[in-house]
Structure formats: structure tokens, C-alpha cells
Amino acid sequence: IYTGPLTAPNDYQGLFTENVESGDGLYLRNSGKLDWTELSDYPSTTVLSANTWYFIAITLNSGSGQFYINGVLDTSTFTSTGHSYNSTIWFGNDNASENFIGNMQDARVYNRVLAGSEIATLYSNGAK
């Protein structure tokens, strides 16, 4: 997902969320960090700057997940229940109207886990 320009958020901004009451998904926090929310909050290490384009990817595999920012693995790893998403998936919003303030380009969902090298290639090729 390419996001930006980013605006200083007042709250969570939904980037990629499941349409369920729990609000599982990827958010941008008011701290500028990405946050995977699933039973708990798992923030990224990297802080995003306002008014900047980023290439963001997440992987979910066997109970764990990772953030990639601009093709590089973020140092944080998070826990995932590994459940399948059988409901509507939203881009740029969630079920609590926590809207993303900015733009998205070239959003994708894959049916397999991409390797870090594949994510780096997508970033270097402009993911178009």
C-alpha cells in the first residue's frame, strides 16, 4: 500500500481493516507509527512523517506478522491469531469511521505470504 501525504492524526486512522466489531487490521496511530490491531496493539518501530509517500506492506504467517516500510523490514514483529478474514475488508476506513486522512495507491492483497525479497522488488519497481 502506498500511503500519503500523511496528516497528523487525532486518533487511529484505518488503513486496512476487517469489517467486524473487533476492528482487526492496520492503522496509523497518532504517534505516526503503524499499528496492527488484533486482540492487542502492535506498533511499528518506524515513525512515519507527515506529507510523505510510503510503500507499506505487512505479512501474516503462522501466528506472526511483520511490517515492511519502503521495502525494508521494520524491526518489530507482531503476533497474529492467523484467522482467515471472511468478511468485508476496508481500505482507508474501519467499522468505527476512523478514516485515513491522505491518499492510497496500488492497494493489493495476496493469497500467499510474500518473501522480503519480493517486497523489496515491488518497492524498487514502483509497485505499479
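I'd like the residue in region 23-51 that is in a strand (DSSP E or B) and more than 16 Å from ASP94 (Cα to Cα) and, out of all such residues, is least open to solvent (accessible area, probe 1.4 Å).
Quick first cut of region 23-51, residues in a strand (DSSP E or B) only: 25-28, 33-37, 41-47.
Keeping just the survivors that are more than 16 Å from ASP94 (Cα to Cα) gives 33, 42-47.
On the way: LYS33: 61, TYR42: 56, PRO43: 51, SER44: 2, THR45: 73, THR46: 53, VAL47: 80 Å².
Selected residue: SER44.
Looking only at region 114-124, which residues are surrounded by 15 or more Cβ atoms within 10 Å (Cβ to Cβ) and of a type in the set (A, V, I, L, M, F, W, C)?
Once the filter is applied, which keeps residues that are surrounded by 15 or more Cβ atoms within 10 Å (Cβ to Cβ) and of a type in the set (A, V, I, L, M, F, W, C), region 114-124 yields LEU114, ILE119, ALA120, LEU122.
When you check PHE100 against the structure, is it in a strand (DSSP E or B) and on the phi < 0 side of the Ramachandran plot, yes or no?
Working: in a strand (DSSP E or B): no; on the phi < 0 side of the Ramachandran plot: yes.
Spelling it out, it is not the case that PHE100 is in a strand (DSSP E or B) and on the phi < 0 side of the Ramachandran plot.
Considering region 73-90 alone, what residues qualify as being at pLDDT 85 or above and either hydrophobic (A, V, I, L, M, F, W, C) or assigned to a loop (DSSP other than H, G, I, E, B) (or both)? Outline the logic, then answer.
Within region 73-90, the subset at pLDDT 85 or above is 73-74.
Across region 73-90, the qualifying residue is only LEU73.
The values are calculated or read from the model by the stated rules, or taken from the named source; none is laboratory data. The shown structure was predicted, so the numbers you read here are calculated from the model rather than taken from an experiment. Neighbour counts run over all protein chains shown; Cβ positions are idealised from the backbone, glycine included. Calculation scope for accessible area: heavy atoms of the full protein, side chains included, ligands and nucleic acids excluded. Shrake-Rupley method; radii C 1.70, N 1.55, O 1.52, S 1.80 Å.
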